[in-house]
Every structure is written in structure tokens, then in C-alpha cells.
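To start, the structure itself, in C-alpha cells.
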Amino acid sequence: VVTKKRQTVSQISLCRALSKLGIVSRSQARLAISAGRVTVNGRTVRDADAWLDPRSDRIALDGKTVRPTVKRYAMMNKPTGLVTTRSDERGRNTVYALLPPEYAGCFPVGRLDKDTGGLLLFTNDTRFGETITNPERKIHKSYVARVDHTLTSRDAEIMEQGMSLADGTRLMPAMVVRHGDRSVCTISITEGKNRQVRRMLETLGFKVLSLVRVRIGSLELGDLAPGQFRAVTAKELLMLKESIQ
Ligand code: URA
């Protein structure tokens, strides 16, 4: 039942309910509702802020019942050379070219720059995507960087203390593990500022030879080969969701 005032906790606004079904954005939903294209339980409702219960009320757009879209979660090992935007004004190849058709409604969670490879998560679950990228949630994203000369313990310390970039941007503390010959390290960050890891290393005087994201929260890239794509397993998803509660 549609009500003018909220009557139960499970009610949400029509506008929100329609956009949550996943085929239109919030603003498109508002327009469609005021244009009289939306019915609830068979009756036209023009008030985008009317309350209803999405579990029991049936919403239709242009006469067709809108069913919830299945939430999808998948991961790609992004090869270098592709950009993470949907369409590139300079005509460069995008990661969307590697997306199987059943994932067409999905978007990448955070970006990897063109020269960076590795773990890229795709979903059509906007709330989940926003949570993963929200710096306040402090979800670690880990990158393996290869640089042109030895990283000292002092370099690691500077990154771990929360450094400033050349343009004055202050960063949250990172975690750094140096490997083998010390020109390879794993850097974990909780923010996602543009080209952040590259800029951190460049600020310290390094040339970045390669950069690969290997982990987002509990989700690991593992042995997925560059260019490969697979669904995130139920177990991986559960662990990731539990870690972001
Ligand atoms: N840091 C970078 O420098 N590039 C990315 O793509 C992600 C993090």
C-alpha cells in the first residue's frame, strides 16, 4: 500500500524503490514518476516521495513490472594499456571491452590507471561499490610496485607515517612491505586518490617500473591471468562483506 506518511520501517520512497530495482537512476526515477509512467499495484502514482514497501508492493514502469536485478560481483585482472572509463574521448581501449555480456550493467569499483594492472572489481551493487571506495571505511587496497632503485627502511617509514605529495596533498598512513632485492614492495593504502601509489613513489624520487593491484580488503587477485575475468565466489563475497560491516 502506498501512503503519504511513512508507516512502517520497511517502507521507502517510491523514487528510491524504483531506482533500487536497478534499471533507472534516482533522478530518472523521479522524472518517470512525475510523467505518470509509474504504477504501484496497478495504480499510477505521481508522487516520488510516496511511501511503499518494496517487498510487497509491485512497481511497474511503462506498464511492465520491474523485478529486482540480480546483484553481480566479478573481478578482472586488468591488463596494462586499458583505461577504466566507459568511453574514452581519446578512443583508447577500455576495460569494458573485456566484460562478458551478462555483466553489462556492472561498473568498476574504483579505477586503475592505464599503466597499472591487477585486481579490478565489477558490480551493479552501487551501495557495495561506494562502501569499498569510501576512504572513511579504511579498506586496504594493496599494490605491488617495482621501482628503479632500492627502497630504504626510511622510504617505507615516510609512507607509513602518512606523507605529503609534491602538490601538498596529505595522505593517510600506508603499510609497506619490502621484498627481496628491495626494489619491489607491497604498498597498502586506504584512500584512492588519483595515481596515489605512483605519486607517493615519485615524490620519494623513484621511477615506477610496474604497478599491480593484488588485493582489495580480503579479496585477492590470486592466479587470475591478465585479461581474465571471473565471478567473485560466494565465499569471497561473504568475507569481503563481513570485513566492511
Ligand atoms: N595508485 C596508482 O598509482 N595507480 C592506480 O591505478 C591505483 C593506485
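The values are calculated or read from the model by the stated rules, or taken from the named source; none is laboratory data. Computed from a prediction, not measured in an experiment: that's the story for all the values here. In this analysis, Cβ positions are derived from the backbone assuming ideal geometry, glycine residues included, and neighbour counts consider all displayed protein chains.
Of note:
- Candidates 163, 172, 159, 200 - the one that is of a type outside the set (Ser, Thr, Tyr), more than 17 Å from residue 78 (Cβ to Cβ), away from the ligand (no atom under 13 Å from the Cβ) and surrounded by 14 or more Cβ atoms within 10 Å (Cβ to Cβ): 163
- If you filter the range 99-154 down to residues that are of a type in the set (Gly, Ala, Ser) and within 15 Å of the ligand (Cβ to nearest atom), you find that the one that is farthest from residue 230 (Cα to Cα) is 145.
- One residue stands out among those in the range 55-73 that are closer than 17 Å to residue 231 by Cα and surrounded by fewer than 18 Cβ atoms within 10 Å (Cβ to Cβ): the one that is modelled with the lowest pLDDT, which is 69.
- Subset of the range 25-63 that is charged (D, E, K, R) and in contact with a strand residue (DSSP E or B) (Cβ under 7 Å, 6 or more places away or on another chain) - its residue that is farthest from residue 9 (Cα to Cα): 37
- For the range 66-84, the tally of residues that are out of contact with any Cys (no Cβ under 7 Å at 6 or more places or on another chain) and assigned to a loop (DSSP other than H, G, I, E, B) stands at 11.
The rows are residues; the columns are (1) part of a loop (DSSP other than H, G, I, E, B); (2) in contact with a helix residue (DSSP H, G or I) (Cβ under 9 Å, 6 or more places away or on another chain); (3) within 29 Å of residue 201 (Cα to Cα).
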| position | (1), (2), (3) |
| --- | --- |
| 86 | yes, yes, yes |
| 89 | yes, no, yes |
| 115 | yes, yes, yes |
| 118 | no, no, yes |
